[in-house]
Structure formats: C-alpha cells, structure tokens
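The values are calculated or read from the model by the stated rules, or taken from the named source; none is laboratory data. None of the values given here were measured: they were computed from a predicted structure. We place every Cβ from the backbone using ideal geometry, glycine too, and count neighbours over all the protein chains shown. These accessible areas exclude ligands, DNA and RNA; they are computed on the full protein's heavy atoms, side chains included. Shrake-Rupley method; radii C 1.70, N 1.55, O 1.52, S 1.80 Å.
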Amino acid sequence: MSSSSSSVLEMEIFQYIDVHQSDFIENLKEWVAVESDSVQPALRKEVIRMMALAADRLSALGATVNSVNLGSHQLLDGEDLPLPPVVLGELGKDPQKATVCFYGHVDVQPAKKEDGWKTDPYTLTEINGNLYGRGATDNKGPVLAWINAVETFTALKLALPVNFKFVIEGMEEAGSLGLEKLLEENQYFFSDVDYIVISDNLWLSNKKPALTYGSRGNACFCVEVECGSKDLHSGTFGGIIHEPLVDLIALLDSLVDPTGRIQIPGIYDSVAALTEEEKKLYESIEFDLEEHKNNGGVKKFLYDTKEDILLHLWRYPSLSIHGIEGAFHEPGIKTVIPAKVIGKFSIRQVPHMDLSVVKQQVVEHLEGVFSKRNSPNTLKVSMPLGAKPWLADVNDPLYKAARRAIKTVFGEDPDFIRDGSTIPVARMFQTITQKSVMMFPIGAADDGEHSQNEKISRHNYIEGTKVFAAFFLELSKLH
C-alpha cells in the first residue's frame, strides 16, 4: 500500500470514528452500568452477565466466539462460587496477514457512591470532557476502544488489515483465577498469533502517550516470631522475657537503610546492568517530580532527578514493609506483650533476579540477624506469594508499529516506560505463548484506576480508538 493511499484510508477511518463518537460513548455507558465487581461474591452473577455482553459484542463484529467454562472456586467460608467464563474470539483467518491477539478484562474493583464518588460509579457521567465511572479506564474503556477500532473497518466495508484474536476475562481484579490454566490448555489458539497486545495500564503523564515494555515482579514475605501460647501482662513479665515484638522490630529494621538501599546480602548481584541505550530512553520521558509528590501527598523523595526516580521505580528492586499482625493497634493503651507477631514485607524484583534465590537470601539474612539476638523465641520466614517481572524489547517490530501509529494520531513520539508494580498477565502470556507481548495504554496518568472518581477522558477514548485502528494498518505493513 502506498503511503498516499494509506493516509487517505486513515482519513476515512478517523472521520468515521469522529462521527460515531456518541455511539462509542453509549456503548461504554452500557458496559459501565454492569456492576461486574469480581472481588465481592454477591456480585458474581453481574460479572457473568458482563462476560455474556462482551461475547455478544464480539459476535456482532462477525467473530467466532467461544465462552470457555472455568468451573468454580471455593471461598474461605467453604462456599463454591462459579468462575465467569473466559471469552476467546477470532475474526479473520487469512494466512497472508499478521494475527494480533488482544487481551482485556471486563471485571472491576468495588465502588460505592458513599466511598467519596462525585457521581454514581455505575452511571457513566461526562463532566468537562471526562467520562466518570467504575471501569471507564480499567479496563472497559480500552477493551471497547479496541473493539470500536475493529468495527470501524467492518462498518466501512474495508478489508481487515490483520487477523484478530481476543482473550477477555472477568476475574483480573481478583487475581485472574483460572486464566493461566486456560492459556496452557488452549495453546493451539495462539499457534498462528504473531503479536499479543494488552491495554490495561496508563500513560506516565496526563498528556503524552506511552508504550510500556516492562514491570517489576513481587515477592511477599511473612516473618513470624513466637514466644509462647498466650499474650502476657507487661507488669508481670516485662523486663524478664525476650519479647517477640522487640525481636520482630529488630528484624524488620535490618531489611532496608534510610537511603532506601536493601540490606540483604547478595540481593543486587543479579540485577541487570544498565546499558547506554536503555539510559537514553529515560532522558526524553515526560515526568513531573513535583506532580508525583503532590499525587502521593509526600514532601521529599529519596532521589532528586527524574532519571534516578524512574530507575529506582522501574528497574531496581525495592523493599516495603506493610504491617504487623498480632500487635495491639487500636486507640488507647493496652499493656500487653503479644505472644506471636507476624511482620509483612515485600520485595519488588526486577529482571534476572530469581525468586527462589531471593527467598533464600531473605531467609538467610533474617536467620542471621535473629541468631545474634540469642532469643529463645521461634522464628518462621515464609514467602506466600511470588510473581515474576516482565520485560519486552523496545526494538521489536510490534513496538515500532505502535510508535508510528501514535505519531500519526497524537503527532508525537511516545515515552517508552516501565511499570513499578506487577503485571502478572503480561509475563503469563509471554511465558506460555512465547510470542511478542506489548502493553499499549490509552488512559492518562490521572485516570484514577481503582480509586474514587475513576475516569477516561473523551479525548483519550476516541483518539485511543483511532490509534488502535492506525496500529492495525501499521501491523499490516510488517507482513
């Protein structure tokens, strides 16, 4: 396709999207109205209804749709609850064309008006160009933007530039229960897939588009110190025993120093070295330190430059202490010596760090600190949860195609960013399918995913639909 005919085609597609804005917003309104909260068992039937709506929408595109039943899972109280199906869709089977698979989820985090929402969270409401509602940006808006982009080609009776596959789930906010097993059992579904795209994160700024190529993993630890079978009175036992909470505080204090450096020997040994090429990616990134401080309500960071802050958020490990179970934490004073306390902390690990090695380093360090205290208390260290980091190659053709699409629609090159938190689904797709995976967000940094007044701007939703359509055309040029 010549560049002139391709730009005429883009104009036609973008014009269609502009003209049909209100339809696309109406679609989002319908989806946001479904209280598809996967966290609260009482709302599971709404999640299942939402999955049926998503399946119907793909069928209306002309896709072949398979709603895969995942059975049920058991709640803590022993109740069995059905898992929502995962929707697998397929549109186009031309062996001459690239095949792109899109992953998204249509379940949401809990939301109530009385939590501090200005509007009803399940009624999409437009105020000053922003579309407020639970799921607007995470993840119903981006899923619909992708579907709207595909629909634009069919509505204009244009040949599909690529073949499409869809994986849409309804348990992402509750840990994607059953998804990994489904992907492993349906590997044939991905046999002809060239690229996998996930749009379930945000830009780093409010204005400048971004592409995400990595995320940190997370290893969660519990460190338990136990003295005896019951809590004791500090008047009767204070001063004559080794108190578990004193031991625990010493253990937690040994983990990280005031500069934020983790004190566990060997923890930095396998962290990937920073290359010059990678360092350059950080220079052009748009990131406002003051704004980030204000968003967090903090006065000072550990580092002063944008580059140092982002490097320590994205590509170096961090250790955070989250709490102590078993200690007295209510208002007032209670002179108790707790018999057993459990400290909770996590390490966000980065590429080349091995989870089993990290666990061993943590256990050895804590046991070493504890043995020097000569305490008769018992120590137990466990790692109840471990998720691996994810990293993609920014020079992959997939990223180049997305970059060109962003330049076409937004008129500027995107920031290449990583995520300081953990995105298990990106790693899961990459490991199981062995295909190129990219995270292609369309939401802005201030969208407030998971919090009150979640929104996506009308601009990002509509231009996001255009950027996906332009991306399909760019992918078609790669083949």
- [ ] State whether the residues of the stretch 82-101 include one that is more than 26 Å from I442 (Cα to Cα) and touching a Leu at 6+ places or on another chain (Cβ under 6 Å).
- [x] yes
Open item on the list: Among the numbered criteria (1) over 30 Å from L251 (Cβ atoms); (2) modelled with pLDDT of 95 or more; (3) surrounded by fewer than 20 Cβ atoms within 10 Å (Cβ to Cβ), which one does G448 miss?
Closed with: (2)
Task: Hits in the stretch 220-254 - residues which are part of a helix (DSSP H, G or I) and touching a Lys or Arg at 6+ places or on another chain (Cβ under 7 Å) - done: P244, D247, A250
Task: Every residue from the stretch 365-384 that is under 30 Å from Q434 (Cβ atoms) and either surrounded by 13 or more Cβ atoms within 10 Å (Cβ to Cβ) or of a type in the set (D, E, K, R) (or both) - done: M383
TODO: Would you check if G343 is part of a strand (DSSP E or B) and in contact with a helix residue (DSSP H, G or I) (Cβ under 7 Å, 6 or more places away or on another chain)?
DONE: yes
- [ ] Determine, yes or no, whether D419 is at pLDDT 95 or above and surrounded by fewer than 24 Cβ atoms within 10 Å (Cβ to Cβ).
- [x] no
Open item on the list: Give me the residue from the stretch 401-412 that is among the charged types (D, E, K, R) and touching a residue at least 40 places away in the same chain (Cβ under 8 Å) and, out of that set, surrounded by the fewest Cβ atoms within 10 Å (Cβ to Cβ).
Closed with: E412
Task: Given (1) of a type in the set (S, T, N, Q); (2) under 19 Å from L179 (Cα atoms); (3) open to solvent by 70 Å² or more (accessible area, probe 1.4 Å), number of the condition S67 does not satisfy - done: (3)
Task: Residue in the stretch 28-37 that is at pLDDT 95 or above, at negative phi, touching a Lys or Arg at 6+ places or on another chain (Cβ under 7 Å) and not in a helix (DSSP H, G or I) present - done: yes
TODO: May I ask you to list the residues in the stretch 1-46 that are β-branched (V, I, T) and touching a Leu at 6+ places or on another chain (Cβ under 9 Å)?
DONE: I13, I25, V32, V34
- [ ] Identify the residue in the stretch 275-300 that is assigned to a loop (DSSP other than H, G, I, E, B) and over 24 Å from the mean Cα position of the chain (by Cα) and, among all such residues, is farthest from V363 (Cα to Cα).
- [x] K299
Open item on the list: Among the listed residues V394, V350, V341, V437, identify the single one that is more than 19 Å from A219 (Cβ to Cβ), among the β-branched types (V, I, T) and in contact with a Gly (Cβ under 8 Å, 6 or more places away or on another chain).
Closed with: V341
Open item on the list: Of all residues being in contact with a helix residue (DSSP H, G or I) (Cβ under 8 Å, 6 or more places away or on another chain) and β-branched (V, I, T) in the stretch 198-230, which is surrounded by the most Cβ atoms within 10 Å (Cβ to Cβ)? Just the residue, please.
Closed with: V225
Task: Any hit, the stretch 346-358, residues being more than 30 Å from L274 (Cβ to Cβ) and open to solvent by less than 30 Å² (accessible area, probe 1.4 Å) - done: no
TODO: Find the residue count for the stretch 325-340, including only residues that are surrounded by fewer than 18 Cβ atoms within 10 Å (Cβ to Cβ), in contact with a helix residue (DSSP H, G or I) (Cβ under 9 Å, 6 or more places away or on another chain) and either β-branched (V, I, T) or within 22 Å of W390 (Cβ to Cβ) (or both).
DONE: 2
- [ ] Go through the stretch 25-48 and count every residue that is of a type in the set (S, T, N, Q), crowded, with 16+ Cβ neighbours inside 10 Å and under 23 Å from the mean Cα position of the chain (by Cα).
- [x] 2
Task: Out of S191, S234, sole residue that is farther than 16 Å from Q434 by Cα and either out of contact with any Gly (no Cβ under 8 Å at 6 or more places or on another chain) or surrounded by 18 or more Cβ atoms within 10 Å (Cβ to Cβ) (or both) - done: S234
Task: Positions within the stretch 148-173 being among the small types (G, A, S) and crowded, with 19+ Cβ neighbours inside 10 Å, in sequence order - done: A149, G170
